[in-house]
1. Among the candidates L303, L267, L259, L274, single out the residue that is within 22 Å of T376 (Cβ to Cβ), open to solvent by less than 50 Å² (accessible area, probe 1.4 Å) and in contact with an Asp or Glu (Cβ under 8 Å, 6 or more places away or on another chain).
2. Which members of the stretch 299-325 meet the condition of being part of a loop (DSSP other than H, G, I, E, B) and under 25 Å from L367 (Cβ atoms)?
3. I'm checking my understanding of the structure. Among residues of the stretch 349-405 that are touching a Gly at 6+ places or on another chain (Cβ under 9 Å) and not in a helix (DSSP H, G or I), which one is farthest from P458 (Cα to Cα)?
4. Exactly one condition in (1) within 22 Å of H361 (Cβ to Cβ); (2) open to solvent by less than 50 Å² (accessible area, probe 1.4 Å); (3) touching a helix residue (DSSP H, G or I) at 6+ places or on another chain (Cβ under 8 Å) is false for T439; which is it?
5. If I filter the stretch 406-414 for residues that are part of a helix (DSSP H, G or I), over 19 Å from Y356 (Cα atoms) and open to solvent by less than 80 Å² (accessible area, probe 1.4 Å), do I get at least one hit?
6. I'd like to verify a number: residues in the stretch 111-133 that are in a helix (DSSP H, G or I), open to solvent by 10 Å² or more (accessible area, probe 1.4 Å) and either touching a Ser or Thr at 6+ places or on another chain (Cβ under 6 Å) or basic (K, R) (or both), how many?
Amino acid sequence: MTDPLERALAELSRTEGGPDTLALLVRDQDTRRMLLLRAVLDAAEAAGPADCPPAAKRRLREDWALLVAADRTAEGPSPARARLTHPLTGPWARRCLTALTARDHTRTAELQPDLAYFSAVAVAAAARAGLPFTTEVTARDGVLCLPSLGALRTARAGGAEIGIRHKNGRLTLRQRGACDVHVRLEQGIGAWSGAPAWTPAHALPGLLPGAAPVPLDDLDPYRTPPRNSGRLAFSGPTGPDHAERKRWLQAWTGTAQALRTGGEQRLTETVTLLRCLVPLAPPPGSDGRGSSSGTRREAFGALLSTTPATATAFAATLVHEMQHTKLAALGELVELHRAGPEARYFAPWRPDPRPYDGLLHGTYAHLALAGHFQRTALAEPARREAAWAEHARYHAQVAAALPALVASPDLTPVGRRFVDGMAAAHERLSARPAPRGHTARAQAYVKAVRTLWAQRQPPTPPIPNR
């Protein structure tokens, strides 16, 4: 293992990560995204005409050529590369590749509109690069989404054809049976139009002065997983109205300070890794007051979340989810373990058994939160008691989960060093414990949760005589 990777492993095992380590993760993920896109194009070229007709292949080549032209035309950072490495391009590419390589052809019917979305990606990148062009794209389900710009509700339902012309920062969208829609690109994210059929993309300002704005993406058709994906379901996408976007901005405005209070590292990793926010609806049955958040391995840099209640709460969400982002990226660089998917481990924060990888991810995120709230308790007198209570809970939960992680025979040598680093970081937190009452309550809580969890597990079948 190279020295930079060794250093990255040591830093990440402590739930940290300096600029070089974070840059390593970002660089590797961007490279993997470009390889994934190349795989999609190659698979489309190799597909038979029933799966990918000649017209679709020709259009993919034209879209790629437009992206290459945009990359060459742009001055400074390339909008084409930014669009291809944007988090939500990942789920689209993975979906297309799965359909193109599926032997049972179960997704062939959905493939054509999926491939057609690449045209919208190319159009958005070329417009951002200032490249003049004229082309035609296909809407999906009555909506044409142009990433980072906005979305057009078409005059006809289904896959309407939309002519697009771009010149001097102005898009003209033309469709049969409707007036032309003129759209003026805005700096960074969004595009303005007076047409009621046009919805602009939105963004929140950078967390720090000079930092890039963070898209608040409620338009991308691939922003949440399909509801029948068989995985833990998110609460579902939503389209925030003006009042809801204002609540996002209010919480976001104080988030940088809340992150910094819990450690400068938390602010640095968020600014470096967070590329996109996806608004989620409140969980079902929560009367609109519940919260939900998550990340997607195939969408590096995206955070899906319900509207944050406060800056403090959102900072904790970011600390939690950025650990999942880091650990998922590290897991693609090195093999940490060879454990299977069997769900059999106790996690104090979940009612159901967890697979080893799920336990590792959860413990890693909770370890970071324990450190975040410890530093907050030491730095903020007004929030001290609440922060100590949070720290004690997370610290006790990690203490209950670590033995199973450390004892696993499925750890690789690299994974062994990583988990040992987590255990050492947990031990260092013990040097500044929470007040005794908070610690006692947290330990009693974890003990009660473990007892209840054990009672709910099915009895272990007896080992048969041989």
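The values are calculated or read from the model by the stated rules, or taken from the named source; none is laboratory data. Please read all numbers here as calculations on a predicted model, not as lab measurements. Neighbour counts run over all protein chains shown; Cβ positions are idealised from the backbone, glycine included. Heavy atoms of the whole protein, side chains included, go into the accessibility calculation; ligands, DNA and RNA do not. Shrake-Rupley method; radii C 1.70, N 1.55, O 1.52, S 1.80 Å.
1. Values: L267 fails: in contact with an Asp or Glu (Cβ under 8 Å, 6 or more places away or on another chain); L259 fails: in contact with an Asp or Glu (Cβ under 8 Å, 6 or more places away or on another chain); L274 fails: in contact with an Asp or Glu (Cβ under 8 Å, 6 or more places away or on another chain).
From the options L303, L267, L259, L274, the qualifying one is L303.
2. Step one: list which residues in the stretch 299-325 are part of a loop (DSSP other than H, G, I, E, B), which gives 299-301, 306-310.
Of everything in the stretch 299-325, those that are part of a loop (DSSP other than H, G, I, E, B) and under 25 Å from L367 (Cβ atoms) turn out to be A299, F300, G301, T306, P308, A309, T310.
3. Looking at residues that are touching a Gly at 6+ places or on another chain (Cβ under 9 Å) and not in a helix (DSSP H, G or I), I get W349.
4. For T439, the exception is condition (1).
5. no
6. 2
Residues are listed down the side, and each one gets a yes or a no for (1) out of contact with any Asp or Glu (no Cβ under 7 Å at 6 or more places or on another chain); (2) over 30 Å from L216 (Cα atoms):
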position	(1), (2)
R7	yes, yes
L25	yes, no
R58	yes, yes
R81	no, no
L100	no, yes
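For every residue, the table says whether it meets (1) outside any helix (DSSP H, G or I); (2) open to solvent by 40 Å² or more (accessible area, probe 1.4 Å); (3) hydrophobic (A, V, I, L, M, F, W, C); (4) free of Cβ contacts under 8 Å to residues at least 40 places away in the same chain.
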residue: A8; (1), (2), (3), (4): no, no, yes, no
residue: E16; (1), (2), (3), (4): yes, yes, no, no
residue: R27; (1), (2), (3), (4): no, yes, no, yes
residue: L41; (1), (2), (3), (4): no, no, yes, yes
residue: G48; (1), (2), (3), (4): yes, no, no, yes
residue: A55; (1), (2), (3), (4): no, yes, yes, yes
residue: R58; (1), (2), (3), (4): no, yes, no, yes
residue: L67; (1), (2), (3), (4): no, no, yes, no
